[in-house]
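As structure tokens, the structure follows; a few thoughts come after it.
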Amino acid sequence: MIAELGHLLAFLALAAAIGQSALGLTTGGEAPRRLAFACGIFSVLAMLTLIISFVQLDFSVALVAENSHTLKPLIYRIAGAWGNHEGSMLLWCMVMAGYGAAASVFMRAGPLRDKALGVQGLLTTGFFAYLLFASSPFTRLIDPPFDGGGMNPLLQDPAVALHPPALYLGYVGMSFVFSLAASGLINGQIDQEWARRTRPWALFAWSSLTVGIALGAIWAYYELGWGGWWFWDPVENASFMPWLVSAALIHSLIVTEKRGGMASWTVFLSVLTFILALLGTFLVRSGVMTSVHAFATDPTRGLVLLFGLSIAGGAALALFAWRAPTLKAGPEFDPVSREGALVLNNLFLAVAAALVLVGTVTPMILQWLGESGIISREAASISIGEPYFQLTLAPMIAMLLLFMPFAQAAPWRKAELGPLMKWLMPAAAVAVVAAIVALAMGGWGIWLGFGVLVGVWVVVGVGMDVVRRVGPGGFGRVLRLPLTVWGMAIAHIGMGLFVIGATVETATRTEQTFPLRPGEVAEMAGWTFQFQNLEEVEGPNYSALRANILVTHDGRTEVIQPETRTFQVARTSTTEVAIRKTLGGDVYVALGDQVREDPSAWRIRIAYHPLIDWVFGGAGLIAVGGFLSLVARVRRRSAAPAPETEATVESPPAPASVPA
Amino acid sequence: MIAPLIALILQAAQPAAPAEAPLPDPALEMRAQGLMRELRCTVCENEPVSQSTADMAVDARKRIREEIAKGASDTQVREFFVSRFGQYVSFRPPLEGWTLLLWGFPFALLAGAGIFIGMRAFGGRKRDLAPLPDDRGDGAAG
């Protein structure tokens, strides 16, 4: 019964979404608000019924039969509900309806809310229709199997259980930012008030997307056994593009909110972010590429998605083209000003997104051209990977970071470059020294030097800006610093730490594979690894080969145990690496295959990943900063509805006017 | 249930077999590892040879080290692999023909957009603007 109930609830959600869009776009008022709330409730309940089917292992539901198994632990049974195409589409629909419900609760009544709920209702209708008519998760089997087919064992991991929900909060959150933009365009009201009310939603979506991407990277690092955390895989790039564009968006929204400038560019970014999120879904779900993410390799589904994407994207761009000429230009500003710095931020981020897009889709387009015989197979065979993205993206990120401390410290409208540069001299000096130290320690690579230079420059420069804002007057003032400043500073410092970690890790990681027989010893960088023996271990739904390796470093020894797990049901195996944390980085040991020519020997992969925690920690701080900014805005709004009258901390003068 | 698959062999520690030994010169080894990261393991899914334990990757790593030890340049090693497996094997698109566009466009776009913004927003105007006082103390994040 439970699956039929879920099916019914999904249809009710579809009906509510249709009503929400029709009424939201016409009469507005209370009715669409209630329908949006109902749509959210119906979708959550529908998801819940699916989760119950997974927990109860109801194998008469086709999706459960395909994707679960009696041997699976409970938490992965729950996560199994969205670890497949149909379930993840239901999750997508639920989050989309959930944003509408959240808006119905948190947004003030008015035309902005009405039309935004209307547009969001349209999108929700489309996705629910796709779910129910092209990929229903509630289909029953006439002849249920005795046991299920299991789940891709790679996905049996806590980070990856949470990865899709976080990612979808981000991806789908962009749909509501888009709805707000469309609403503003329909109402002809893209102004400071619009930006002020849109920004919290953009901040929430962007911060969630950051968390989702970071969880994916952490999972790749721990679970795939290569020690890499970013592979420039098309799937990863699909989430990175909307991240870059929405990072640009949350900055241009600041200019629109504070100064009324860049309005049409801000709206364009809102539209573009959502189109890129849809494109990402299409790339991942259409089966145009193979990866762990490609659950659906059915080309008709891909065509339906592509069709929907073209309609949504085309309509959005048409709406934009129709209304953009009516948008007013903002007040004048000098190139050297906070506005100017934020324009540069948007320039670098937009170019970065463009190059990721081109680098990702070019090989796919060429492959398609080659397969259809339009160009020769040789011409179609090309790979675009790490070297391309690193060489082209690194300069953009370096420039982004170079201007970051200026952007934080420069006043609006006009800044004096001379005093600013003089004031930031200490940060520059520290950065240069740090870069030289890094080069001396890690080898004379140009990227290493640049990465550490701009990273340290940002961390110190942002720190100086915080100190400036605190001003003289003791510790009490530190606590009274507005939360918005903390949000900005923490996110920017996180960015600096991330760049330092990523460049140091990429430039100086070492890895080596040793074929070892039991008893043999491998040595790497002052560490010795003695392969003692191999044992067989039974897990809940897998059997593992576990290596006991005696590690010696600085006179201390300990046993580490990397594993390979073989999942009988899915007939695949995964790697469980053993990681020894040190202050400077991770010692990372993975058990590989048996050596072909010498069956008593096993390939043991040993790697050292310096500053890897800075990579994940930096990404975490970026997300924390984003959420803090959001909390600050929500708190301030409830404390003081009129922004002009609120009590604020008196600010020390900007450095431009500080006598140096 | 824990069953020993291979009995613990009590024997004196022996040095590992040299099949995957690094090159003695750290600078050469660094170059070799760099190449391993940008050549594709052709039997894997989207993995460079540095990351795979597949036999093709093992052989490729061995070959890269041999070539580097013989004094081959990075370009010669890349060409060796491309001549065998096609351009597909290299994650680094070549710098010739239409791929010049691929490599060049991000920088062209940056320059073009930068010039466009500069001309449109700031070109030919003389203004007398004063800094806006930072009234709220919360700056850009406000």
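Among the residues making up the range A:401-457, those that are assigned to a helix (DSSP H, G or I), within 27 Å of A:Val343 (Cβ to Cβ) and small (Gly, Ala, Ser) are A:Ala407, A:Ala409, A:Gly418, A:Ala427, A:Ala428, A:Ala431, A:Gly451, A:Gly455.
Filtering the range A:452-479 down to residues that are within 20 Å of A:Asn345 (Cβ to Cβ) and of a type in the set (Val, Ile, Thr), which residue is surrounded by the fewest Cβ atoms within 10 Å (Cβ to Cβ)? Among those residues, the one meeting the criterion is A:Val466. Among the residues of the range B:57-79, those identified as out of contact with any Cys (no Cβ under 6 Å at 6 or more places or on another chain), surrounded by 15 or more Cβ atoms within 10 Å (Cβ to Cβ) and free of Cβ contacts under 8 Å to residues at least 40 places away in the same chain are B:Val58, B:Ala60, B:Arg63, B:Ile64, B:Glu67, B:Ala72. Restricting A:His609, A:His553 to those that are under 30 Å from A:Leu497 (Cβ atoms), surrounded by fewer than 20 Cβ atoms within 10 Å (Cβ to Cβ), out of contact with any Pro (no Cβ under 8 Å at 6 or more places or on another chain) and not hydroxyl-bearing (Ser, Thr, Tyr) reduces the list to A:His553.
Note on the range A:566-597: residues that are within 14 Å of chain B (Cβ to nearest Cβ) and surrounded by fewer than 20 Cβ atoms within 10 Å (Cβ to Cβ) amount to 9. For A:Ala491, the criteria (1) buried (at least 24 other Cβ atoms within 10 Å of the Cβ); (2) among the small types (Gly, Ala, Ser); (3) over 16 Å from A:Trp614 (Cα atoms) hold in every case but one, which is (3). Examine the range A:366-377 for a residue that is over 29 Å from the mean Cα position of the chain (by Cα), within 17 Å of B:Pro94 (Cα to Cα) and not polar (S, T, N, Q), and state whether such a residue exists. Taking every residue of the range A:366-377 in turn, at least one turns out to be over 29 Å from the mean Cα position of the chain (by Cα), within 17 Å of B:Pro94 (Cα to Cα) and not polar (S, T, N, Q).
Condition check for A:Ala522 on (1) hydrophobic (A, V, I, L, M, F, W, C); (2) within 30 Å of B:Ala32 (Cα to Cα); (3) not in a strand (DSSP E or B): one failure, at (3). Going through (1) out of contact with any Asp or Glu (no Cβ under 7 Å at 6 or more places or on another chain); (2) surrounded by 20 or more Cβ atoms within 10 Å (Cβ to Cβ); (3) modelled with pLDDT of 90 or more; (4) away from chain B (no Cβ under 14 Å) one by one, A:Leu630 falls short only on (4).
The listed residues are A:Phe204, A:Phe231, and the only one of them that is of a type in the set (Phe, Trp, Tyr), part of a helix (DSSP H, G or I) and buried (at least 19 other Cβ atoms within 10 Å of the Cβ) turns out to be A:Phe204. Scanning the range A:515-525 turns up at least one residue that is under 37 Å from the mean Cα position of the chain (by Cα) and in the same structural domain as A:Arg580 (by TED's automatic domain parsing).
Considering the range A:525-543 alone, what residues qualify as being free of Cβ contacts under 8 Å to residues at least 60 places away in the same chain, at the interface with another protein chain (Cβ under 10 Å from one of its Cβ atoms) and surrounded by 14 or more Cβ atoms within 10 Å (Cβ to Cβ)? Selection gives A:Thr528, A:Gln530, A:Gln532, A:Asn533, A:Glu535, A:Glu536, A:Val537, A:Ser543. Total residues in the range A:394-409 satisfying the condition of being at the interface with chain B (Cβ under 10 Å from one of its Cβ atoms), hydrophobic (A, V, I, L, M, F, W, C) and in contact (Cβ under 8 Å) with a residue 60 or more places away in the chain: the figure is 2. Residue-level check: of (1) under 23 Å from A:Pro158 (Cβ atoms); (2) in contact with a Gly (Cβ under 8 Å, 6 or more places away or on another chain), A:Ala65 misses just (1). In the condition set (1) on the phi < 0 side of the Ramachandran plot; (2) small (Gly, Ala, Ser); (3) more than 10 Å from chain B (Cβ to nearest Cβ), A:Ala522 is compliant with all but (3). Selection within the range A:506-524: residues that are out of contact with any helix residue (DSSP H, G or I) (no Cβ under 8 Å at 6 or more places or on another chain) and of a type outside the set (Gly, Ala, Ser). The member of this set that is surrounded by the most Cβ atoms within 10 Å (Cβ to Cβ) is A:Leu516.
How about the range A:357-408: which of its residues are among the small types (Gly, Ala, Ser) and touching a helix residue (DSSP H, G or I) at 6+ places or on another chain (Cβ under 9 Å)? Of everything in the range A:357-408, those that are among the small types (Gly, Ala, Ser) and touching a helix residue (DSSP H, G or I) at 6+ places or on another chain (Cβ under 9 Å) turn out to be A:Gly359, A:Gly370, A:Ser376, A:Ala379, A:Ala380, A:Ser381, A:Ser383, A:Gly385, A:Ala394, A:Ala398, A:Ala407. Filtering the range A:410-440 to residues that are more than 8 Å from chain B (Cβ to nearest Cβ), under 33 Å from the mean Cα position of the chain (by Cα), touching a residue at least 24 places away in the same chain (Cβ under 8 Å) and closer than 23 Å to A:Val467 by Cβ leaves A:Ala410, A:Leu424, A:Ala427, A:Ala428, A:Val430, A:Ala431. Taken over the range A:240-267, the criterion of being in a helix (DSSP H, G or I), among the small types (Gly, Ala, Ser), crowded, with 21+ Cβ neighbours inside 10 Å and modelled with pLDDT under 95 is satisfied by A:Ala263 alone. For the range A:60-82, a residue qualifies if it is out of contact with any Phe, Trp or Tyr (no Cβ under 6 Å at 6 or more places or on another chain), crowded, with 22+ Cβ neighbours inside 10 Å and farther than 19 Å from A:Ala10 by Cα, and the qualifying residues are A:Asn67, A:His69, A:Lys72, A:Tyr76, A:Ala79.
Going through the range A:507-523 one residue at a time, which ones are under 23 Å from A:Leu611 (Cβ atoms) and in contact with an Asp or Glu (Cβ under 9 Å, 6 or more places away or on another chain)?
A:Thr510, A:Gln512, A:Thr513
The values are calculated or read from the model by the stated rules, or taken from the named source; none is laboratory data. Fair warning: this is a prediction, and the values are worked out from it, not measured in the lab. Counting neighbours? That spans all protein chains shown, and the Cβs are built from the backbone with ideal geometry, glycine included.
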